[in-house]
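Q: Please see the structure below; I have some questions.
The values are calculated or read from the model by the stated rules, or taken from the named source; none is laboratory data. In this text, all values refer to a predicted model and were calculated from it rather than measured experimentally. Every residue, glycine as well, gets a Cβ built from its backbone with ideal geometry; the counts of neighbours run over all protein chains shown. Accessible surface areas use protein heavy atoms only, side chains included; no ligands, DNA or RNA. Shrake-Rupley method; radii C 1.70, N 1.55, O 1.52, S 1.80 Å.
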Amino acid sequence: MATITCERRTYADKPHTHIHSYAQLVLPISGALAVTVNTEVFDDDCQNVIYIPPEIRHSFHSQRSNQFFVLDIPASYLPQSSSRVPGCQLLDERWKAIRTLLSEEVKEEPISSQRLTDLFRYILRLLEQDTSPASVKYIQANYHKDIRVQQLADLEHYNLSYYCEWFQKHYGLSPMAYIRNLRLDAAKRMLESTDHTILQIAQQIGYQHQSTLTRLFQEHAGVPPAEYRKRNRRRVK
């Protein structure tokens, strides 16, 4: 799967357990749906939006007539810092507005379009904004600053050792690796869309030295920052 797709789906009364490399967002249209994610059960009676991260075992089933919008989201569209924890949010006015937009776009056949990709960027902000724990929200707002892990543990009222274990379990990496990924994501955006020097970008995302950003970029993006900019440059107005 190379792009985000969306289609209307219905589900049968027998659960089908499966796992796949892409994430899914399930948005209700009508009816009810029981979703089991690992050992957690979400009962969606048309009042909730359910997010399932990649590589998570899950199943769907319904005892009555139903229809849902389902977005299949390749892992490449998710930030490296995205949560590996399934989420369930109330179908509030924001999600209803998204459902209305999808109703206009998605008819009988699945769709994949730039408008859908742009809409997902907004959806991703909603998911991160509403479900992130206090320490993760703090990281997202302050990743460019000097952050100590003890600060983050205090925000969750955990001791340091338990916090690191908890974070690793829920996000698949350590707190400092999470911060690093946010910084690298921000660096990529600036390389693509600004004329800032590599040093300026490094300092804006929390590194004092250009060499630190260059080393981390080479390790995790596979190319140095200058080469990444050359390949992914957008027109700066």
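Q: Within the set of pairs 6 or more residues apart or between chains, which connect a residue that is in contact (Cβ under 8 Å) with a residue 40 or more places away in the chain inside segment 174-193 to a residue that is among the charged types (D, E, K, R) and assigned to a helix (DSSP H, G or I) with Cβ atoms less than 6 Å apart?
A: Leu191/Arg229
Q: Another question, then. Which of the residues spanning segment 203-227 are of a type in the set (Val, Ile, Thr) and closer than 21 Å to Ser76 by Cβ? Working first, answer last.
A: We begin by selecting, within segment 203-227, every residue of a type in the set (Val, Ile, Thr); these are 205, 212, 214, 223.
Within segment 203-227, just Val223 meets the criteria.
Q: Then there is this: Which residues, counting only those in segment 178-231, are closer than 21 Å to Val149 by Cα and out of contact with any helix residue (DSSP H, G or I) (no Cβ under 9 Å at 6 or more places or on another chain)?
A: Correct list: Asp185 only.
Q: Take segment 115-170 and flag every residue that is within 21 Å of Arg183 (Cβ to Cβ), in contact (Cβ under 8 Å) with a residue 24 or more places away in the chain and among the polar types (S, T, N, Q).
A: Hits for segment 115-170 are Ser132, Ser135, Gln140.
Q: Which one of these does Gln63 not meet: (1) at pLDDT below 90; (2) surrounded by 15 or more Cβ atoms within 10 Å (Cβ to Cβ)?
A: So Gln63 meets the others, but not (2).
Q: Quick check on my filter: what residues within segment 2-28 are part of a strand (DSSP E or B), β-branched (Val, Ile, Thr) and open to solvent by less than 10 Å² (accessible area, probe 1.4 Å)? Spell out how you get there, then give the answer.
A: If we filter segment 2-28 for residues that are part of a strand (DSSP E or B), which is where we start, we get 5-9, 16-18, 23-28.
Narrowing further to those that are β-branched (Val, Ile, Thr): 5, 17, 26.
Val26, the sole residue that qualifies.
Q: Under 20 Å from Pro53 (Cβ atoms), in contact with a helix residue (DSSP H, G or I) (Cβ under 8 Å, 6 or more places away or on another chain), among the hydroxyl-bearing types (Ser, Thr, Tyr) and open to solvent by 30 Å² or more (accessible area, probe 1.4 Å), is that true of Tyr122? Break it down into steps so the answer makes sense when it comes.
A: On the way: under 20 Å from Pro53 (Cβ atoms): yes; in contact with a helix residue (DSSP H, G or I) (Cβ under 8 Å, 6 or more places away or on another chain): yes; among the hydroxyl-bearing types (Ser, Thr, Tyr): yes; open to solvent by 30 Å² or more (accessible area, probe 1.4 Å): yes.
Answer is yes for this residue.
Residue by residue, here is whether (1) out of contact with any strand residue (DSSP E or B) (no Cβ under 8 Å at 6 or more places or on another chain); (2) open to solvent by 60 Å² or more (accessible area, probe 1.4 Å); (3) in a helix (DSSP H, G or I); (4) not basic (Lys, Arg) holds:
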| residue | (1), (2), (3), (4) |
| --- | --- |
| Gln89 | no, no, no, yes |
| Glu108 | no, yes, no, yes |
| Asp118 | yes, yes, yes, yes |
| Leu127 | no, no, yes, yes |
| Gln140 | yes, no, yes, yes |
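Q: Related question: Report every pair of residues separated by at least 6 positions or lying on different chains whose Cβ atoms are under 6 Å apart, first residue within segment 46-73 and farther than 14 Å from Thr36 by Cα, second among the acidic types (Asp, Glu) and assigned to a loop (DSSP other than H, G, I, E, B).
A: Gln63/Asp13
Q: So which residues in segment 101-124 are of a type in the set (Lys, Arg) and under 13 Å from Tyr77 (Cβ atoms)?
A: Residue satisfying the conditions is Arg121 alone.
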